[in-house]
Amino acid sequence: MFNRRNTLQALVLLGWAAFAAFPLTASAEGEPPVIAAASDLKFAVTEIAVAFTAETGMEVKLSFGSTGNFATQIREGAPFELFMAADEKFVAQLHAEGLTRDEGALYAEGRVVIMVPHGSALTPDENLDTLAAMLDAGTITRFAIANPEHAPYGLRAQEALQHRGLWEKVQPHLVLGENVSQTAQFALSGNTASCCRRAKAWTGRH
């Protein structure tokens, strides 16, 4: 069973190791180094940063957002010291363009899941059968995914819906989140169902 607490603890350990492995340096103006991290890592990386500062005395600045937007910013010269992406493909592309030190290291594996508010008639199932039935019945009013143009989990959600043959049917009801964290908030607010993510942290090299 997926255990959020254990996963976050593993991410904290792996992330601290990532911070420690790279020689983070302050800017010429004395500003702390900036860490760009996918929005779904906010809670874990914030804890990582606190532990890193306590251990080293070095402050870091955290920036959270969608992986695609960060990749664009890096191409435009954004001064990030470390990029924690939600999809390794973006890091590989940046490396191929000569914009990163290396191709990075895999720190977790993500899975797309459906999150529904309390009291929803939609029952999550791995085959999306209930979603299909409710779309056919016209009882789905809003369904949220992260914007697939720049959010990896949004693209994976789109692919899953396309694979099930539901993409065309669900499009009139789509609400696009800027990133997967905002998409999860849509579901937690009780206003819509959402395709979100869960993560499994790697505890060794892969």
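Distance distribution note for region 109-201: the fraction of Cα pairs above 22 angstrom is 16%. To the nearest 0.05, how large is the calculated FRET efficiency for Leu106 and Lys42 if R₀ is 22 Å and r is the Cβ-Cβ distance? Once the sixth-power term is evaluated, E becomes 0.65. Rg over Rh for region 59-180 works out to 1.06, using Cα positions for both radii and the Kirkwood form for Rh.
The stretch between Ser189 and Arg142, if pulled fully straight at 0.36 nm per residue, gains 15.7 nm over its current Cα-Cα span.
The numbers here are math on the coordinates, done by the rules we state, and not lab data. Note that the structure is a prediction, hence the values are computed from the model and not measured. Cβ sites come from the backbone with ideal geometry, for glycine too, and all protein chains shown count toward neighbours.
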